[in-house]
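Asker: Take a look at this one; I'll ask things after.
The values are calculated or read from the model by the stated rules, or taken from the named source; none is laboratory data. Everything quoted here is computed from the prediction, not taken from an experiment. Quick reminder, even Gly has a Cβ in these numbers, built from the backbone with ideal geometry, and neighbours come from all protein chains shown. We work out accessible area using only protein heavy atoms, side chains counted, and drop any ligands, DNA or RNA first. Shrake-Rupley method; radii C 1.70, N 1.55, O 1.52, S 1.80 Å.
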Amino acid sequence: GSAPFNFDESLVEPWMEQETTIPDPPELDSLHELRADGLPPGFRLFLDIDRITVDPEDGIIRLWMMLRSSAGHENISYEGYRCITGEYRVYAYANLQRDPPVRALTRATWRKARGERSTYYRKELLRHYLCGLRGARPPIEIQQAVRRAEEKIRGQ
């Protein structure tokens, strides 16, 4: 028989989240609509794909997104996504009518993007747009995937 595989935990760098700088909120006309099955009824999802970042140090995809209700209410948030764990975190909310428009969340924690109805779209985002086989996709690939999906909406 072969010797058991001894895994030395001390040689593995523990995962550390990098400091997050919250960019200015998006211009509404720069947002791209993404059709997602898991949205709350009556809501539409928009992403600021031009400013998506993927941090090479911690592997987190960070982006602004907006949910708009059929009544016109807009919920704008700056979020991070971890492909390896299937988690997301909200870093800030924005309200363009407020001054200052951005409110950072200091105590936000990482949460599993599960299949709850109200947040199922986050699981869809991770699975179909943000993540590839090797973890986070490069921003250009995410942008292309969202644009392809957007063209399908227009083509209907």
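Asker: Go through region 74-103 and give me each residue that's in a strand (DSSP E or B) and over 23 Å from Leu126 (Cα atoms).
Answerer: Val102, Arg103
Asker: Go through region 129-156 residue by residue and tally those that are in contact (Cβ under 8 Å) with a residue 12 or more places away in the chain and not in a strand (DSSP E or B).
Answerer: 14
Asker: Enumerate the pairs (first residue in region 13-38 and open to solvent by 50 Å² or more (accessible area, probe 1.4 Å); second residue anywhere and part of a helix (DSSP H, G or I)) with beta-carbon separation below 8 Å, excluding pairs fewer than 6 apart on the same chain, so at least 6 apart or on different chains.
Answerer: Arg35/Ala149; Arg35/Lys152; Arg35/Ile153; Asp37/Tyr120; Asp37/Tyr121; Asp37/Glu124
Asker: Turning to a different aspect of this structure: Out of the residues in region 108-125 that are of a type in the set (Gly, Ala, Ser) and surrounded by fewer than 14 Cβ atoms within 10 Å (Cβ to Cβ), state the one that is nearest to Ile22 (Cα to Cα).
Answerer: Ranking the qualifying residues of region 108-125, first place goes to Ser118.
Asker: For region 55-68, state whether one or more residues are without any contact (Cβ under 8 Å) to a residue 24 or more places away in the chain, farther than 18 Å from Pro101 by Cβ and of a type outside the set (Ser, Thr, Tyr).
Answerer: Yes; the residues of region 55-68 include at least one that is without any contact (Cβ under 8 Å) to a residue 24 or more places away in the chain, farther than 18 Å from Pro101 by Cβ and of a type outside the set (Ser, Thr, Tyr).
Asker: Hey, could you check region 91-107 for residues that are surrounded by 15 or more Cβ atoms within 10 Å (Cβ to Cβ) and not hydroxyl-bearing (Ser, Thr, Tyr) and say which is farthest from the chain's Cα centre (by Cα)? Working first, answer last.
Answerer: Let us first name the residues in region 91-107 that are surrounded by 15 or more Cβ atoms within 10 Å (Cβ to Cβ), namely 91-94, 102.
Restricting the remaining residues to those that are not hydroxyl-bearing (Ser, Thr, Tyr) gives 92, 94, 102.
Working: Ala92: 12, Ala94: 15, Val102: 17 Å.
Among residues in region 91-107 that are surrounded by 15 or more Cβ atoms within 10 Å (Cβ to Cβ) and not hydroxyl-bearing (Ser, Thr, Tyr), the one farthest from the chain's Cα centre (by Cα) is Val102.
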